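The structure appears right after this line, and notes come after that.
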Amino acid sequence: MIVGCEKQTGSYTTVHHSGMAATCNANQRTIEATVQAYKMTHGGALPASLYELVDGGQLGSYPRCPEDGTRYTYNPATGKVSCPNHPRN
Ligand SMILES: [Zn+2]
């Protein structure tokens with residue numbers, strides 16, 4: 001029982017660490033969905049930057065990585081969002 005608890009604690013640390021990446025990737029997908037929603041309502045045009053989504057109220061503030069607050073990068077040509085800390089394939 002005690003051993004089981006220790007194992008859980010150990011794995012919790014690992015899960016917590018990788019959970020940050022999972023949260024970050026989920027954030028990126030959410031932002032991209034917001035970009036697509038913008039595109040739908042702007043005649044197929046992508047926002048020039050994520051600041052347009054902040055100014056338009058679609059995003060509450062400029063999105064940042066939950067790990068250390070790094071700002072996400074956005075490609076206005078593709079509408080893709082990426083994090084320097086947690087790149088996705
Ligand atoms: Zn990140």
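The values are calculated or read from the model by the stated rules, or taken from the named source; none is laboratory data. Quick caveat: nothing in here was measured; it's all calculated off a predicted structure. Positions of Cβ are generated from backbone atoms using ideal geometry, with glycine treated the same way; all protein chains shown enter the neighbour counts.
Considering only residues that are under 10 Å from Leu46 (Cα atoms) and surrounded by 12 or more Cβ atoms within 10 Å (Cβ to Cβ), look in segment 64-79 and name the one that is nearest to the ligand (Cβ to nearest atom).
As a first pass, look at segment 64-79 and keep what is under 10 Å from Leu46 (Cα atoms): 75-79.
Okay, now just the ones that are also surrounded by 12 or more Cβ atoms within 10 Å (Cβ to Cβ), so 76, 79.
On the way: Pro76: 20, Gly79: 18 Å.
Filtering first and then ranking leaves Gly79.
With the requirement that a residue be in contact (Cβ under 8 Å) with a residue 24 or more places away in the chain and either within 16 Å of the ligand (Cβ to nearest atom) or not basic (Lys, Arg) (or both), what does segment 30-54 give you?
Ile31, Glu32, Thr34, Val35, Gln36, Leu46, Pro47, Ala48, Ser49, Leu50
From the list Ser18, Ser11, pick out the single residue that is within 16 Å of the ligand (Cβ to nearest atom) and at pLDDT below 95.
Matching residue, one of Ser18, Ser11: Ser18.
How about segment 46-61: which of its residues are closer than 13 Å to Gln36 by Cβ and polar (S, T, N, Q)?
Hit for segment 46-61 is Gln58, nothing else.
Inside segment 45-63, can you point out the residues that are surrounded by 12 or more Cβ atoms within 10 Å (Cβ to Cβ) and either part of a helix (DSSP H, G or I) or over 14 Å from the mean Cα position of the chain (by Cα) (or both)?
Scanning segment 45-63 gives Leu46, Pro47, Ser49, Leu50, Tyr51, Glu52, Leu53, Val54, Gly56, Gln58.
Exactly one condition in (1) assigned to a loop (DSSP other than H, G, I, E, B); (2) touching a strand residue (DSSP E or B) at 6+ places or on another chain (Cβ under 9 Å); (3) within 16 Å of the ligand (Cβ to nearest atom) is not met by Asn85; state its number.
The single condition Asn85 does not satisfy is (2).
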